[in-house]
Each structure stands twice: as C-alpha cells, then as structure tokens.
Amino acid sequence: MIDIKSYDLTELEEEIISIGEKKFRAKQLYEWMHVRMARDFDEMTNLSKEFREKCKERYTYTSLQAIRVQESAIDGTRKFLFELADGNVVESVWMKYKFGNSVCISSQVGCRMGCRFCASTLDGLERCLLPSEMLDQIYAITRITGERVSNVVVMGTGEPMDNYENLLKFITLLTDKNGLNISQRNITVSTCGIVPRMRQLADEKLQITLALSLHATTDEKRRRLMPIANKYNLRELMETCAYYFDKTGRRITFEYSLVGGVNDTKEDAEQLIELVKPLHCHVNLIPVNPIEERDFVESGKHEVQEFKNKLEKNKINVTIRREMGRDIDGACGQLRRRHKCEV
C-alpha cells in the first residue's frame, strides 16, 4: 500500500488522477493531511464517503499515537513517546521559548553511529523513519498542545544523514507553502559527520542550519568518543564545512559536549579555536547530559564559563546551550529507542 502522507502535492495529484478522481481532490486531501492535520480519512468531512473508502483500501495513513507524555517540572518541556504502526516507538521533545515553540524530532528508530555519550545509539538501529513518520511527530504534538510549532530540529533519535532521501522529502513537505509552510531557516539538521552526505546536502543549496556534532578537537580524542571519526578525519570535516558555507551561505553550528576531564581543558579550547576560526560558524557548548549506561560527567560551571570566555576572546560566536527537559531525560543525548518499563 502507498504511504500517502509522504507524497508531495504533484505526486498526489498524479496518484489521484490515476485512480479516476478529479485533480482538485488531491488538493483537498493534501490540505487535510498537512494543514488541518487530520488523524484519519474519516475526519476529512468534505470528501465523499465513497472516496474516503477508496483511500482506506489503497493507502496507508500515518498517524502516530502518543503512549506517554512527560512534562518537566523545571521548564515545562514535554517529551512524547510515540508508537509507530509496526509497534516500534520514537521520542520527540516540545520546547517553549520566547521566540516560539520548537520541536526536536527523531529521524530513525535507534541509531547505528555508536557515539559514546548518547543514549539513542545503545540498542543500535532498527529502521529509518518515513517522511510521514517524521512529519507526524510535529503534527501530533501540534494537536496535543494546541500551539503552532515555529522551529524544528532534527536532533532526536537517529542520524539524519543516514536517512538522507527521506530527510529531504520531509523538508520538502514541511516547508511547502501548501502545507505547514515552515521556513527552511527555521529548520536545523544535525549530523555526527558523514562527509559525503554533508557535501550532497550542500549541493541542494537549502537554507536550513546544519549542526555538526564535533565534541573533540583532535582525531585521536574524537575517535574515542565517536566511531564515525575512524572514517572521516577532522581535516575532511572542516573542508566539508567550508564547502557547505560556500554553497549555501549558511554558517555551520558546531555542537560541542563538554565532558569533565575529557575535552574541557585549556588546550582543548585552544585547539577548537584553531579548528573553527577560519570558518563562518557558531559554537554551542553543551555540558554533557548524564545517561545511566555511561560514566561521563559534565564539566563544572567554572570550566564551562572559562571555555566560553576563551572562545569569545578570539571572536568566535558561542553560547552555552540551555538544556531543556533534563529531568525527564529529554535533553541532548538522552533520548533512546526503547521504552523503559516502569517498575
């Protein structure tokens, strides 16, 4: 059966015509799916019952079910556990900021990248998410909260560049003027550094923000934290980041998790400056978030501030990321594939 919510409007028009229906039905169906965010065909009340029944027989309709919602007592962040049609689950996070509401979505069920400080990769990769499954995390959260989402970050479970074609289709649908019409500039996609896909994305010349999980300033140290570093070294990564800026005009964001005693020294700061100063970039410093399966500890507040000060003195744009939802395991590196059973 056809995953109808992953079709763009042109594809949908061709499909609807092919089954003997008028072209305008496609626009109606598209609006129900991507503007009104209908949960099923039965909610599409201006479509005839006959047409709706035909759709049910021919198409699958992605509609994620929230089986658990947690709310942070600290900052009101909400974490959603969604069940997929095949019984797998993914997590998404809704964060409220002064500039609007941001949703962090997952791109895969699990992850195979193996980064040492991340809970999302502990059980490996089960499968990639479809564009419709990525979209419906946003749609379901919008329905539940009753509030519009203005910013989307693809930083939940999974490596987006490991699901490249579905990621591109997701971005196309999300930014379509006939759908939610979210600006490309309000979308951030993270990667641990799959160089060929980063270059491919640069050639698409999108206006999204690319965030590279850097986390170390030498190849040796990065290899200990991130297995992907065994394939692509820092020189290749920095050259690719420069290529991305040259093609898109969009500065790179470097994500740098500060791990106490591992990558937060004065020397690390100096090496980071040397790496990123030639580039148009922004650095996000992230005190590493605890996960029970690892013994990494976050850097102390003094060390974090000193690290930030050193970068600023060298005219590098830097922020210390405000971690949202840490008390519900909703912060960076804390999302996981498996639903932890309550005792």
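Things to note:
- Filter pass, Lys169 being out of contact with any helix residue (DSSP H, G or I) (no Cβ under 9 Å at 6 or more places or on another chain), more than 19 Å from Thr77 (Cβ to Cβ) and at pLDDT 95 or above: no
- One residue alone among Thr218, Thr188, Thr157 is in contact (Cβ under 8 Å) with a residue 60 or more places away in the chain and surrounded by fewer than 20 Cβ atoms within 10 Å (Cβ to Cβ), and that residue is Thr188.
- Single condition Ile67 does not satisfy, out of (1) over 22 Å from Ile171 (Cα atoms); (2) of a type in the set (Val, Ile, Thr); (3) assigned to a loop (DSSP other than H, G, I, E, B); (4) touching a strand residue (DSSP E or B) at 6+ places or on another chain (Cβ under 8 Å): (3)
- Filtered by the rule that a residue be surrounded by 16 or more Cβ atoms within 10 Å (Cβ to Cβ), without any contact (Cβ under 8 Å) to a residue 60 or more places away in the chain and of a type in the set (A, V, I, L, M), region 44-88 gives Met44, Leu47, Leu84.
- Residue list for region 94-145, filter: part of a helix (DSSP H, G or I) and under 20 Å from Thr60 (Cβ atoms): Pro131, Ser132, Glu133, Met134, Leu135, Asp136, Gln137, Ile138, Tyr139, Ala140, Arg143
- Residue in region 242-250 that is over 19 Å from the mean Cα position of the chain (by Cα), closer than 29 Å to Tyr139 by Cβ and not small (Gly, Ala, Ser) present: yes
- Just one of the listed residues (Gly261, Gly193) is outside any helix (DSSP H, G or I), at positive phi and in contact with a strand residue (DSSP E or B) (Cβ under 9 Å, 6 or more places away or on another chain), and it is Gly193.
- Breaking point among (1) buried (at least 20 other Cβ atoms within 10 Å of the Cβ); (2) of a type in the set (A, V, I, L, M, F, W, C); (3) at pLDDT 95 or above, for Leu234: (1)
- A search for C-beta distances below 6 Å between a residue of region 261-272 that is under 13 Å from Glu298 (Cα atoms) and touching a residue at least 24 places away in the same chain (Cβ under 8 Å) and any residue that is part of a helix (DSSP H, G or I) and not aromatic (Phe, Trp, Tyr), counting only pairs 6+ apart in sequence or on different chains, returns Asp264/Glu303.
- Which numbered condition Glu91 misses (of (1) modelled with pLDDT of 95 or more; (2) part of a strand (DSSP E or B); (3) crowded, with 21+ Cβ neighbours inside 10 Å): (1)
- Some residue of region 7-16 being surrounded by 15 or more Cβ atoms within 10 Å (Cβ to Cβ), outside any helix (DSSP H, G or I) and not assigned by TED's automatic domain parsing to the domain that holds Pro131: yes
- Every pair of residues 6+ apart whose Cβ atoms lie under 8 Å, when the first sits in region 248-259 and is without any contact (Cβ under 8 Å) to a residue 60 or more places away in the chain and among the β-branched types (Val, Ile, Thr) while the second is surrounded by fewer than 19 Cβ atoms within 10 Å (Cβ to Cβ) and part of a loop (DSSP other than H, G, I, E, B): Thr248/Lys205; Thr248/Gln207; Ile252/Leu279; Ile252/His280
- Residue that is farthest from Ser213 (Cα to Cα) [pool: residues in region 291-319 that are surrounded by fewer than 17 Cβ atoms within 10 Å (Cβ to Cβ) and modelled with pLDDT under 90]: His302
- One residue from Ile4, Ile17 being on the phi < 0 side of the Ramachandran plot and free of Cβ contacts under 8 Å to residues at least 40 places away in the same chain: Ile17
- The set of residues in region 94-118 that are under 28 Å from Arg223 (Cβ atoms) and surrounded by 24 or more Cβ atoms within 10 Å (Cβ to Cβ) comprises Cys104, Ser106, Ser107, Gln108, Cys111, Cys118.
The values are calculated or read from the model by the stated rules, or taken from the named source; none is laboratory data. Fair warning: this is a prediction, and the values are worked out from it, not measured in the lab. A quick note on method: Cβ atoms are made from the backbone with ideal geometry, for glycine too, and the neighbour counts reach across all protein chains shown.
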